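*Asks:* Would you mind keeping the following structure in view while I ask a few things?
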Amino acid sequence: MSIVVPGDKALDIIRSATESVLIVAPYIKSAAVARLIAAVPRGIRSIKCITRWLPEDIASGVCDLDILEQIAARDGELFVHPHLHAKYYRADDRCLVGSANLTKRGLGWSSPSNVELLVEVPATFEGLSEWEVALIKAAVPANSALRDQIAKQAEKLKEKGNVARLPEVELDEDETQSVQFWIPLCPVPEKVWAVYRGIGEDSMVASAYQAAKKDLAALSPPAGLSHPLFNKYVAGILRQMPLMAEIDQLATHGLTDAQAHTFLTENLGNELPYAPEDTWRVLKDWLTHFFPETYRREVGQEVLVKGAELSNS
């Protein structure tokens, strides 16, 4: 099973540019734009970026103000359009259109990631060039004065407490970390449901409770889910993770603990949250808990076996 990462597709076309680059996304985070801008070849004639940059976007953390300096550092231009919703990445005559914002979670560079789509189309596709021209004409050039004005408005929104954190992007504190995979941390997966409901702190070991809180922060489940829907939501996040897809393949013929330890060490190395043995024990418990009809344990729980394909329902 091969997982196509939208951000890798964006990097591919950006690296191929020889003349111009245009990036269009309502939400842009500094960690993601730094990675994309770094891929732009030197000597490019034009780098333009268009975003929404509304005060509520800044206050809620779905967009960053310092992208102005990041883009300017490459002699690029930032524009603002308050009604922007399109996601569009173009390098010369190669274009990607779809749903992925310029965030690590949107581009698949953070895990769990959003389920996004970027499809390549030629720049000659009917209507695209006219759309570009109209968009740029309607957008406002960003500068430091506009940035400072938006920053003040965002602070006022924060003071009023009218800001909701959206699951669209990763948390700011996660952006400086190099971990590319979220790995389940709570050693008792069924307890994550209890913590989601706001209980369990008094009845759980403190370390397990904190681990469950971190898992929930990464999973960002919507409020009010029933127990069955919560389990389906978590299963859906696990299913889309490239690491889990590889484990799924390995388990088809039976994945021993020793093989799993080696696999985790080779793929994650220093990013493992625990020792390989403990990390695998947690992963195995999560898989058998959230996919009870797909995985089973054999030989004294030393082998994880996949009994059926993962359901898409």
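The numbers here are math on the coordinates, done by the rules we state, and not lab data. If you're wondering where the values come from, they're calculated on a predicted model, not measured in any experiment. All Cβ positions, even for glycine, are placed from backbone atoms using ideal geometry, and neighbour counts span all protein chains on display.
*Asks:* For segment 181-309, with equal point scatterers placed on the C-alpha atoms only and solvent neglected, what are the log10 I(q)/I(0) values from the Debye formula at q = 0.13, 0.17, 0.20 1/Å, to two decimals?
*Replies:* Evaluating at q = 0.13, 0.17, 0.20 Å⁻¹ gives log10 I(q)/I(0) of -0.52, -0.90, -1.22.
*Asks:* Tell me, what is the FRET efficiency for residue 75 and residue 145 to the nearest 0.05, using R0 = 30 angstrom and their Cβ-Cβ distance as r?
*Replies:* For residue 75 and residue 145, the calculated efficiency is 0.90.
*Asks:* Okay, moving on. Suppose every Lys and Arg Cβ carries +1 and every Asp and Glu Cβ carries -1, with no other charges. What dipole size does the chain come out with about its Cα centre, to the nearest 20 debye?
*Replies:* It comes to approximately 540 debye.
*Asks:* Local charge sum around residue 93 (other residues, Cβ-Cβ under 15 Å, Lys/Arg +1, Asp/Glu -1)?
*Replies:* Local charge sum for residue 93: -2.
*Asks:* In addition: According to a simple spin-label model (label point 7 Å from Cα along Cα-to-Cβ), what is the distance in nm between residue 267 and residue 8?
*Replies:* 1.3
*Asks:* Given the Cα atoms of segment 6-160, and with Rh set as the inverse mean 1/r over their pairs in the Kirkwood sense, what is Rg to Rh to two decimals?
*Replies:* Here the Rg-to-Rh quotient is 0.95.
*Asks:* Tally Lys and Arg at +1 and Asp and Glu at -1 over the other residues with C-beta under 12 Å from the C-beta of residue 4: what net charge comes out?
*Replies:* Neighbourhood net charge equals -3.
*Asks:* Calculate for the chain the 222 nm mean residue ellipticity that helices alone would give, adding -39,500 (n - 2.57) per DSSP H run of length 4 or more and normalising by residue count, nearest 500 deg cm²/dmol.
*Replies:* One gets -12500 deg cm²/dmol as the mean residue ellipticity at 222 nm.
*Asks:* While we're looking at this one, here's another question. Looking at the chain only, what percent of DSSP beta bridges run antiparallel? Nearest 5 please.
*Replies:* 70
*Asks:* Which value, in nm² and rounded to one decimal, describes the direction-averaged projected area of the C-alpha convex hull of the chain?
*Replies:* One quarter of the hull surface, i.e. the mean projection, equals 18.6 nm².
*Asks:* Now, a different point. Return the single residue from 148, 202, 57 with maximal mean-square fluctuation; model: Gaussian network over the chain, springs between Cα atoms under 10 Å.
*Replies:* In this elastic network of the chain, the residue with the biggest mean-square fluctuation among 148, 202, 57 is 202.
*Asks:* Follow-up. Out of residues 5 or more away from residue 111 or on other chains, whose amide H comes under 5 Å of its own, with H placed 1.01 Å from N in the peptide plane?
*Replies:* Amide H neighbours of residue 111: 182.
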